[in-house]
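The structure follows.
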Amino acid sequence: MAGDADDEVVAVGGDLSLASLETAYTHGAFPMRLGGLSGPLGWWSPDPRGVIPLTGLRVSRSLRRSVRRYEVSVDSAFPDVVEACARRADPTNGWIGTDFRDAYTVAHEHGIAHSIEVWSQADLVGGLYGVGYQGLFAGESMFSRERDASKVALVALVHLLAADGDDRRLLDVQWVTPHLSSLGAVALPRTEYLQRLAVALTAPEPKWVIPPSYPGPVRTR
């Protein structure tokens, strides 16, 4: 995920401690370095902001076939997903350095960061990770090694977040890229996003298990 700094960077500096991450995400910002892995730490609040409405995910016929093809799991290979996302990122303009991997792994160990894994037999072929607070899930990155694998992870995530029908939940995808737009992402003005965020933070945290409504195979631990 990428964007232009302009007025989207609301702060520079600080650290990636749990307290810093919680403050940022619950106030509508997220960390990403400026100018590549060695650049200063920026705190971004895009305007407009990309979100995927939980009732608006677009699942094509071919994606439905892929959902039935791959197994999915939750939080079973978090470090591997982050590492795969880091390797996928543009090395000249990336942001998932060792410090980010360590920080999000600590957040995962504290139950704040989560991953969805996609498997083809014994192989991890796709997935995504992000940060969850109450009814907010802020997607950070995704990767795919086989056709539609990252999209399958997103389908599983939406089913998980929507399982109990609580419409206060918010799936944040940072920016609306052509890829995410094809899946139903929409752009919200920053003010509207912050209003939606405040509502999402009043919702309970979802259960981090793939629900029975998910139409594909699920890998159990």
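Could you size up the charge dipole of the stretch 132-221 around its Cα centre, putting +1 on the beta carbon of Lys and Arg and -1 on that of Asp and Glu, and report it in debye to the nearest 20?
Dipole of the stretch 132-221, to the nearest 20 debye: 220 debye.
Run the helix sum for the chain: -39,500 (n - 2.57) per DSSP H stretch of 4+ residues, divided by residue count, reported at 222 nm to the nearest 500 deg cm²/dmol.
Taken over the chain, the calculation gives -9500 deg cm²/dmol.
I've got another one for you. For the chain, with a Gaussian network of springs between Cα atoms less than 10 Å apart, report the residue from 130, 184, 56 with the top mean-square fluctuation.
So, out of 130, 184, 56, the one fluctuating most is 56.
While we're looking at this one, here's another question. What ratio of Cα Rg to 2.2 N^0.38 Å holds for the stretch 120-221?
Working it through for the stretch 120-221, the quotient is 1.11.
Assign unit charges at the C-beta atoms only (+1 for Lys and Arg, -1 for Asp and Glu), then state the dipole size of the stretch 38-128 relative to its Cα centre in Debye, rounded to the nearest 20.
Using only the charged Cβ atoms, the result is roughly 740 debye.
Still on this structure, please answer the following. Please work out the Cα center distance from the stretch 203-221 to the stretch 48-86, rounded to the nearest Å.
Rounded to whole Å, the Cα centres lie 12 Å apart.
Work out the length of the dipole vector of the stretch 46-200 about its Cα centre, built from +1 on the beta-carbon of each Lys and Arg and -1 on the beta-carbon of each Asp and Glu, and round it to the nearest 20 debye.
760
So if each residue of separation counts as 0.36 nm, and I subtract the Cα-Cα distance between residue 199 and residue 16, what length gain in nm does that give?
Between residue 199 and residue 16, full extension yields 63.4 nm more.
Tell me which trypsin sites (Lys or Arg not before Pro) from the stretch 49-119 have a DSSP coil assignment and no more than 16 other beta carbons within 10 Å of their own.
Passing sites in the stretch 49-119 are 58.
Report ³J(HN,Hα) in whole Hz for each residue of the stretch 132-145, in order, from the Karplus equation J = 6.51 cos²θ - 1.76 cosθ + 1.60 where θ = phi - 60°; Gly and Pro get x.
x, 10, 6, x, 9, 10, 9, x, 9, 6, 9, 8, 8, 10
Values in this text are rule-based calculations from the coordinates and carry no lab data. Predicted model, so just to flag it, every value in this text is computed and none were measured. All Cβ positions, even for glycine, are placed from backbone atoms using ideal geometry, and neighbour counts span all protein chains on display.
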